[in-house]
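Trainee: Take a look at this one; I'll ask things after.
No lab work stands behind these numbers, since they all come straight from the coordinates. Since the structure is predicted, the reported quantities are computational estimates derived from the model, not experimental observations. Every residue, glycine among them, receives a Cβ derived from its backbone with ideal geometry; neighbour counts consider all protein chains shown.
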Amino acid sequence: MMNNLFSIFDPTTNLLNMSLNWISTFIGIMFIPFSFWFIPNRHFILWNFISNKLHHEFKTLLGPKSFNGSTFIFISLFFFILFNNFLGLFPYIFTSTSHLNITLSISLSLWLSFMIYGWINNTQHMFIHLIPQGTPTILMPFMVMIETISNIIRPGTLAVRLTANMIAGHLLLTLLSNTGTNMSNYLLILLILTQILLLILESAVAIIQAYVISILSTLYSSEVN
């Protein structure tokens, strides 16, 4: 009997007292097409199509002053989160993106790098960004305080957004599956159909959350230039 509902997210799988759960974080490498050096197949064409679309969109958001190749950081972030979100939908595979250890490490490292670069190289621009254009003089101290707080909580909001969305879907699937033992055959069929629809929804959420995190990280990066 499960004492705590959130214990389904605890890393408990081990072999010879060595935790194996976090290995699932690197399973996404298997999805990288190794056919880069051979005749392009459908897998490579799809991969290349998605990468090009993301590159053009991130390049537009970063602006003309961005460094060449800076979009690859966010494209890699998108695929990394996407793979981990999808792998969590498979049975008995640990969902690393449902833990703040992973999400906060990603968001905090990106945010710190943006802030350090911005305050060292574009100090005047960073100060100007704290006060929106057209702000009355009497409201300037309050706007500085509000903008500073909103800037500080950005990595936390990025991490919690991804973690909460992953946890919510998995909890709902677990709660519904636990009720199946006490249902009749007709209700069980309805439950299975509901679970299938929820899995489709979770697949969409996995893509959307990876996209949202990448877009927000790109927007935060564009503000320091």
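Trainee: Would you work out if the range 102-225 is rounded, prolate or oblate? Take a ≥ b ≥ c from the square roots of the eigenvalues of the alpha-carbon gyration tensor; rounded if a/c is under 1.5, else prolate when a/b is larger than b/c, oblate otherwise.
Mentor: Details: a/c = 3.93, a/b = 2.93, b/c = 1.34.
The shape class here is prolate.
Trainee: Compute the Cα gyration tensor for the range 85-143, then decide on rounded, prolate or oblate, letting a ≥ b ≥ c be the square roots of its eigenvalues: rounded whenever a/c is under 1.5, prolate when a/b is larger than b/c in the other cases, and oblate in all that remain.
Mentor: Prolate shape, in that a/c is at least 1.5 and a/b is the bigger ratio.
Trainee: Quick one: among G63, G156, G169, which has the greatest mean-square fluctuation in a GNM of the chain with alpha-carbon springs under 10 angstrom?
Mentor: Between G63, G156, G169, it is G63 that shows the largest mean-square fluctuation.
Trainee: Need one number for the chain: average projected area of the convex hull over its C-alpha atoms, nm².
Mentor: Working: hull surface 74.8 nm².
Projected over every direction and averaged, the Cα hull of the chain covers 18.7 nm².
Trainee: In addition: Using Cα pairs under 8 angstrom and six or more residues apart, how large is the relative contact order of the range 48-169, in percent?
Mentor: Values: 68 pairs, mean separation 33.5, N = 122.
Result for the range 48-169 is 27 percent.
Trainee: Using Cα springs under 10 Å in a Gaussian network model of the chain, which residue among L62, L198, L104 shows the largest mean-square fluctuation?
Mentor: Of the options given, L198 has the highest mean-square fluctuation.
Trainee: Students often check this: by mean Cβ neighbours within 10 Å, which of 200-211, 139-150 ranks highest, and how do the rest follow? Walk me through the numbers before you get to the answer.
Mentor: Working: 200-211: 16.2, 139-150: 11.8.
Ranked from most to least packed, the peptides come out as 200-211, 139-150.
Trainee: Additional query: Rounded, prolate or oblate: which one fits the range 155-212, using the alpha carbon gyration tensor with axes a ≥ b ≥ c (rounded when a/c is under 1.5, else prolate when a/b beats b/c, else oblate)? Could the numbers behind the result be given before it?
Mentor: Values: a/c = 6.89, a/b = 2.34, b/c = 2.95.
Cα axes put the range 155-212 in the oblate bin.
Trainee: Which of the trypsin sites (Lys or Arg not before Pro) across the range 36-101 are loop residues per DSSP, with 13 or fewer other Cβ within 10 Å? Before the final figure, lay out the partial values.
Mentor: Values: sites: R42, K53, K59, K65; in loops: K65.
Answer by residue number: K65.
Trainee: Considering the convex hull of the alpha carbon atoms of the range 109-160, report its projected area averaged over all viewing directions, in nm², one decimal. Write out the running numbers ahead of the final one.
Mentor: Working: hull surface 15.8 nm².
Convex hull of Cα atoms, orientation-averaged projection: 3.9 nm².
Trainee: For every helix of n ≥ 4 consecutive DSSP H residues, a contribution of -39,500 (n - 2.57) applies; sum these over the chain, divide by its total residues, and give [θ] at 222 nm rounded to the nearest 500 deg cm²/dmol. It would help to have the intermediate numbers written out before the result.
Mentor: On the way: 7 runs with 143 residues, N = 225.
So the calculated ellipticity at 222 nm is -22000 deg cm²/dmol.
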